[in-house]
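Here is the structure we will look at, set down as C-alpha cells.
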Amino acid sequence: MKKVPPENLRQVADEIRALILDVVSKNGGHLASNLGAVELTIALHYVFDSPRDTIIWDVGHQCYTHKILTGRRERFCTLRQHQGLLGFPDRQESEHDIYNTGHASTALSAALGIAVARDKLKDDHKVIAVVGDGGLTGGVAWEALNQIGHLREPIIIVLNFNEMSISPNVGALSKYLSYLVSGQHYLRIKDQAKSILKSIPAVGQPMIKVGRAMEDAVKKVFFPGLVFEELGIRYVGPVQGHSLTSLIEVFEDARTYEGPVLIHCVTQKGRGYAPARSNPERFHGAAPFNRATGEPLSNATTPSYSQVFGQAVLKLARRDERIIAITAAMPEGTGLSRFARELPGRFYDVGIAEQHAVNFAAGLALRGLKPVVAIYSTFLQRAYDQLYHDVSLQDLPVVFALDRAGIVSDDGPTHQGVNDIIYLRHMPHMIVMAPKDENELQRMLKSALSYGHPTAIRFPKDKGRGVPLEDEPQEIAPGRSELLKEGKSLLLAYGSMVYPALEAASELEKEGLSLAVINARFVKPLDEEAILPYAQKGNVVITIEEGVVSGGFGSAVREFLDREKRFDVRFLAIGLPPEVYPLGKAEQIRKIYGLDAAGLAGRIRRFFAE
C-alpha cells in the first residue's frame, strides 16, 4: 500500500468496491457498512504499519477492505462460505486481525488493554480502534471512554459516523454527533478551501495551519464542553470519510499525539452502490442479490419466523394497548419494522444497549404494561445480570423473543444462539419454551402474554415450515407438551428439532425400533408427567435439542430422572458440544454435528446397538 502513489489510491478504492460488490452479491454479507468504510480503511493501512500498529474493528462487519488489503484478496471469493473467510475479524485467519469481534462496543476496552500492555512492556507501536456511532450507543463503550480519559494512554479512536448501526441510530448521543457534523456542506467547504490553499506556492501550507488553529477556536466557541474533550480525549473532526487526502493527513497528524485522540469521520453506508445507499438497512446483512438491480435472488414466499413473530405481536398489540415492543437496534431483523410504523408510540428502539433494554422493560412491567423484548439470542447474553437481578428475582412479566436461536448461517462463532437454554432455565420464575413451527410460535407469544411471569421464546433464523397460521391462535398451558407419535421408547424433541426427530423416528421404525416422539415445547416448566410413563417402564429416553447439551434441555430431563431414583432408564442427550462452531450454512453445521434427520437416526441407531 505504501508504494502506491497517492494519486492512484482512488483507483484502489474503486477496485475494492467492485470486488466487495461482486462477492457479496453472490455470497451475501454485510454490504452497506463495508462500502462505507473503503477509503477509511485504505487510509489507515497507508499511514499505519499493520500488524505492528494494532487496528481493532468494533463489531467487525466493516472489515472486508481490511481483509482484502492484508493478503486475503485471492480468498475473498470464499467469504462466509464453509471453510472460507469469516465475515468478521478472526485471529486464526491473519496476524492483522488483532482481536475477534462480532458484537458491538467492545473495541475501546480491548484497545485500552493493549495500550496499557504496550507501555508496561516498553513496546512502541500505535493502537487504533475503529468504532461506529452505533457502537457508541452501547454502555460498555462509554465505560471504556471514561477509563481512557482517566489514564490518558496514547490511543487513536476512529469514529466512523454514518448515522446507522443496522437501523438508523436513536438517542441523544446520535443527535449530538449529528450536531457536531453540522451537515455535509461544512465538510465540502473545508476540503475545497484546503485544496485551493495547497495550490498556492509558499503561502498555502502556512495558511492551512492558521486555519486549523482557527477551526479549533471556533469549535470551542460554538461547541462548548464537547463531550470527548471533557472526558480528556482530544477531538478532531469532523473529517470527510471518503476523502483519502483528508483522511491520510489527519491520521498522519494523529501519529504525533501523546494522549488519546478521537477522529470523527463522516461516511455514507452503501457508498458507490445506489441500491445500498438508498436502502442501507436491507443491505446491512444482505442475502445474495442481483448486482444490476439489487433485488434478492431468492423468491421464497414462506415467511420467516421473524416475520411471523412481527405479525403476531402487532396483531396482539392492536387488541391490547398495554403491549409494548422493544428492540436493541434491530427493528428490521426482529420483524418489528411494521409495528414501529403502525404503533410508533408503543415501539422503542434503545440502540445497541441490551442491558438497558431489559431494565427498561422491567420498569414498564412493574407498572402493569406488557413489554415484549425482541433481541437475538447471542446478543441477549450481554444482559445476563439484568435478566436475573431485575426481571427474574422480581418475577416481572416480561416476554423475551429470542430470534436467531440455535445454529445461525454465515456469521460464524460470535452469532450462534446456542447458549440461551443454559442461561435461562436456571432463572427463578422464568418460563422457557420453543415452537416446533411458525403457528406454534403465534400460540406461544399469545400464551406468554397471559402467564404473568417472565417468559422466553426461542426460535430460529430460518423461514417457517409453511404450516397454516391460525387466525385465533390457541393458548398453551405452561409446561404442556404434545405427543406427536406413539411408540415404546421416547424421543423428547425441543423446538427446531421436532420435525427432524419425527423424520428419524419414521426411518428407524422401518428397522423395528418403536419410538414415540413428544414435542416438549417447554424446558421450564418441564412436562414431567409426559416423561413418567416411559421412565417407569425402564425404556430408553432420548432428548434432542439445537443447543449446547451441558446445562441445556437434556440436562433438565436428566436432572428430573436423577431425582426419581426408582427409575432404571437408559438415557441419551443429543445436542451440541460446548465448542467454537465452524463457519457455514445452518444445514451444513447441523449435518456436521448430526442434528439433521439422517444424523439423528444414525446416532440413535448406534445407541440402541451399544
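The values are calculated or read from the model by the stated rules, or taken from the named source; none is laboratory data. On a predicted model such as this, the values are computed, not experimentally measured, just so you know. Cβ atoms come from the backbone with ideal geometry, glycine included; neighbour counts cover every protein chain shown.
A few remarks follow.
- Considering region 422-469, and only residues there that are in contact (Cβ under 8 Å) with a residue 60 or more places away in the chain and within 30 Å of GLU93 (Cβ to Cβ), the residue that is farthest from the chain's Cα centre (by Cα) turns out to be ILE422.
- Candidates PHE553, PHE522: the one that is among the aromatic types (Phe, Trp, Tyr) and more than 30 Å from GLY87 (Cβ to Cβ) is PHE522.
- Condition met for LEU69 (at pLDDT 90 or above and among the aliphatic types (A, V, I, L, M)): yes
- Residue within region 15-23 that is assigned to a loop (DSSP other than H, G, I, E, B) and either crowded, with 21+ Cβ neighbours inside 10 Å or among the small types (Gly, Ala, Ser) (or both) present: no
- The helices (runs of 4 or more DSSP H) found entirely in region 262-364 that carry 1 or more residues being in contact with a Pro (Cβ under 7 Å, 6 or more places away or on another chain) and small (Gly, Ala, Ser) are 337-342.
- Of the candidates LEU336, LEU316, the single residue that is within 21 Å of ARG458 (Cβ to Cβ) and buried (at least 20 other Cβ atoms within 10 Å of the Cβ) is LEU336.
- The numbered conditions (1) touching a Lys or Arg at 6+ places or on another chain (Cβ under 6 Å); (2) modelled with pLDDT under 85; (3) of a type outside the set (A, V, I, L, M, F, W, C) are all true for GLU230 except (1).
- Filter result (more than 18 Å from GLU321 (Cβ to Cβ) and small (Gly, Ala, Ser)) within region 363-390: ALA374, SER377, ALA383
- Residue satisfying condition, being more than 24 Å from LEU136 (Cα to Cα), buried (at least 20 other Cβ atoms within 10 Å of the Cβ) and either touching a Phe, Trp or Tyr at 6+ places or on another chain (Cβ under 7 Å) or touching a residue at least 60 places away in the same chain (Cβ under 8 Å) (or both), within set PHE283, PHE289: PHE289
- Tally of residues being within 15 Å of the chain's Cα centre (by Cα) and modelled with pLDDT of 95 or more across region 340-356: 0
- Among the residues making up region 324-380, those that are among the basic types (Lys, Arg) and either on the phi > 0 side of the Ramachandran plot or touching a strand residue (DSSP E or B) at 6+ places or on another chain (Cβ under 7 Å) (or both) are ARG346, LYS370.
- Conditions (1) free of Cβ contacts under 8 Å to residues at least 40 places away in the same chain; (2) surrounded by fewer than 24 Cβ atoms within 10 Å (Cβ to Cβ): number failed by ASN34: (2)
- Qualifying residue in region 384-404 (condition: in contact (Cβ under 8 Å) with a residue 60 or more places away in the chain, surrounded by fewer than 24 Cβ atoms within 10 Å (Cβ to Cβ) and charged (D, E, K, R)): no
- Residue list for region 573-582, filter: in contact with a helix residue (DSSP H, G or I) (Cβ under 8 Å, 6 or more places away or on another chain) and either surrounded by 19 or more Cβ atoms within 10 Å (Cβ to Cβ) or without any contact (Cβ under 8 Å) to a residue 40 or more places away in the chain (or both): ALA573, ILE574, GLY575
- Residue within region 449-470 that is at pLDDT 95 or above, of a type in the set (S, T, N, Q), over 16 Å from GLN311 (Cα atoms) and in a loop (DSSP other than H, G, I, E, B) present: no
- Among helices (runs of 4 or more DSSP H) entirely within region 87-195, having at least 2 residues that are at pLDDT 90 or above, in contact with a strand residue (DSSP E or B) (Cβ under 7 Å, 6 or more places away or on another chain) and surrounded by 14 or more Cβ atoms within 10 Å (Cβ to Cβ) singles out 107-120.
- Filter result for the condition that a residue is out of contact with any Phe, Trp or Tyr (no Cβ under 7 Å at 6 or more places or on another chain), in contact (Cβ under 8 Å) with a residue 24 or more places away in the chain and loosely packed, with under 14 Cβ neighbours inside 10 Å, over ARG521, ARG570, ARG563: ARG570
- Listed conditions (1) assigned to a loop (DSSP other than H, G, I, E, B); (2) modelled with pLDDT of 90 or more; (3) in contact with a helix residue (DSSP H, G or I) (Cβ under 8 Å, 6 or more places away or on another chain) are all met by GLU252, apart from (1).
- Residues considered: MET444, MET427. Of these, the only one that is at pLDDT 95 or above, closer than 15 Å to GLY495 by Cβ and in the same structural domain as LEU396 (by TED's automatic domain parsing) is MET444.
- Scope region 472-517; condition free of Cβ contacts under 8 Å to residues at least 60 places away in the same chain and of a type in the set (S, T, N, Q); matching residues: GLN474, SER481, SER489, SER506, SER514
- Residue check, ILE68 in contact with a Phe, Trp or Tyr (Cβ under 7 Å, 6 or more places away or on another chain) and crowded, with 22+ Cβ neighbours inside 10 Å: yes
- Some residue of region 423-433 being in contact with a Gly (Cβ under 7 Å, 6 or more places away or on another chain) and not in a loop (DSSP other than H, G, I, E, B): no
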